[in-house]
1. Select from region 177-203 the residues that are modelled with pLDDT under 90, open to solvent by 60 Å² or more (accessible area, probe 1.4 Å) and of a type outside the set (A, V, I, L, M) and list them in ascending order.
2. Restricting to region 145-176, count the residues that are exposed (fewer than 11 other Cβ atoms within 10 Å of the Cβ) and among the acidic types (Asp, Glu).
3. Any chance region 206-223 includes a residue that's under 21 Å from TYR34 (Cβ atoms), in contact with a Ser or Thr (Cβ under 7 Å, 6 or more places away or on another chain) and either aliphatic (A, V, I, L, M) or at pLDDT 85 or above (or both)?
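The values are calculated or read from the model by the stated rules, or taken from the named source; none is laboratory data. Just so you know, these numbers come straight off a predicted model, no measurement behind them. Cβ sites come from the backbone with ideal geometry, for glycine too, and all protein chains shown count toward neighbours. These area figures cover heavy atoms from the full protein model, side chains too; ligands, DNA and RNA do not enter into them. Shrake-Rupley method; radii C 1.70, N 1.55, O 1.52, S 1.80 Å.
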Amino acid sequence: MVDRFATTRWSMVVDAAGQGESARAALTALCETYRPPVLAYVRAHMRRGEEAEDLVQEFFALLLERRLAERADPERGRFRSFLLTSLKNFLINERERSNALRRGGGVQILREAAIELVADGEPGPEEAFDREWARTVLREGLRRLEQEAARAGRSELFAELRPYLIESPDQADYENVARAQGLRRNTVAVAVHRMRTRLHELVCEVLADTARDAAEVDAELRYMRDVLVPPPKVS
């Protein structure tokens, strides 16, 4: 883990903060990958979905134009926190600009983090961001696993087993897949176990793209589990 990490840690952000076309391509990929949690956060602040889409597009355009990734510093915290802080600052500025336009631009505007309060009972913006961030990392891990399965000529088996990589299948599920694939039930069970193990490795690789060390990957992985599987509520 340590040797591999020496060449991959924070790599996605480092590449994005460079110069030239390769850096812009890396930053574009970074924006595309982490667009869902940004959109989830903005939507949690707003009631009008189309305005949320516009704001997210403006935020990433600003990220690209001003090369905000150059300000990301692995010694100052996680990329997830950097992205959320950048987004909050962007929304504050947008709120101030909007208020200034409505009031003629000559009035001192109080700094406000929220664009619009969400309805009671809905998840808060940071909760929505973190949940969608965790889902984004998981989806990227699954995408990479699907690509590996395709290269190995096992796309059909992957498609059959994908629903069981997150939630445990019961015996009937194993039997159904075994019949569909012409395999023994135990063979299917072993395949699920191996894919789950590989998915865990790939999720760690996704996290490593924007983490500074192995300890941070482990911490983010634990946080993902907490976000995706929250503890039961005590009545």
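1. ARG179, GLY182, ARG184, ARG185, ASN186, listed by residue number.
2. 2
3. Looking through region 206-223, at least one residue is under 21 Å from TYR34 (Cβ atoms), in contact with a Ser or Thr (Cβ under 7 Å, 6 or more places away or on another chain) and either aliphatic (A, V, I, L, M) or at pLDDT 85 or above (or both).
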